[in-house]
């Protein structure tokens, strides 16, 4: 067989492999906003596992695909998972948030502290977070531990903000309650997710969850040392291949 044919066959095999990985295993997701800081930063590129919870119509490249509903090879999400999902109202946009409420849970924010089923979630203040793109000066940072033991950091931009006190919401069967780690700067299940009117709680159906965020594979910020190579942005080397807690 001619060598140039072997080259084309190799290229075709690589393309098929990449399509398979993109369709059934992992999808790259870009963080265009700051609602998941400090866990995920604006400019992070995250690999999202499609197989963690099984496959929905949103898992396919040309979603929504109307020829099947439900979920193939289902597995239940866990509290604390960072997930990518879509909304019924906004079917074209993908969101990324953390699951804090499971079906049947009662969720409420009181004085900026997350309460699950009437119990305050354990948290402790740690070193301040600095990111002028979010807010000039130091930002209060907390280490939050969910009931099952998942530990992650959250930000508190201001005391007694609009998001710090809510009603108590009971999560319906087959739905999940999503919150951003940047608690004062996240449109999520508490308020206004997907452009809904203020005070309109949004529970995310299980079938609309696309996958679980696993690892940061690339992270770019403005003004870094690779500005010319990356078109005005710099590479955050300390965030490469960082697992998502």
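Just a few scattered comments:
- Packing-based order for 124-130, 184-190, using average beta carbon neighbours within 10 Å, highest first: 184-190, 124-130
- Mean-position separation - Cα centroids, region 96-129 and region 32-57, in angstrom: 20 Å
- Inter-label distance, residue 126 to residue 214: 2.4 nm, where each label sits 7 Å from its Cα along the C-beta direction.
- Spin-label pair residue 158/residue 105, simplified geometry with 7 Å Cα→Cβ offset, distance in nm: 2.7 nm
- For the peptides 108-116, 34-42, the ranking by packing is 34-42, 108-116, with the highest mean count of neighbouring Cβ atoms within 10 Å listed first.
- Placing a pseudo-label 7 Å from each Cα along the Cα-to-Cβ vector at residue 167 and residue 33 gives an inter-label distance of 2.2 nm.
The numbers here are math on the coordinates, done by the rules we state, and not lab data. Here the structure is a predicted model, which means the values were calculated and not measured. Every residue, glycine among them, receives a Cβ derived from its backbone with ideal geometry; neighbour counts consider all protein chains shown.
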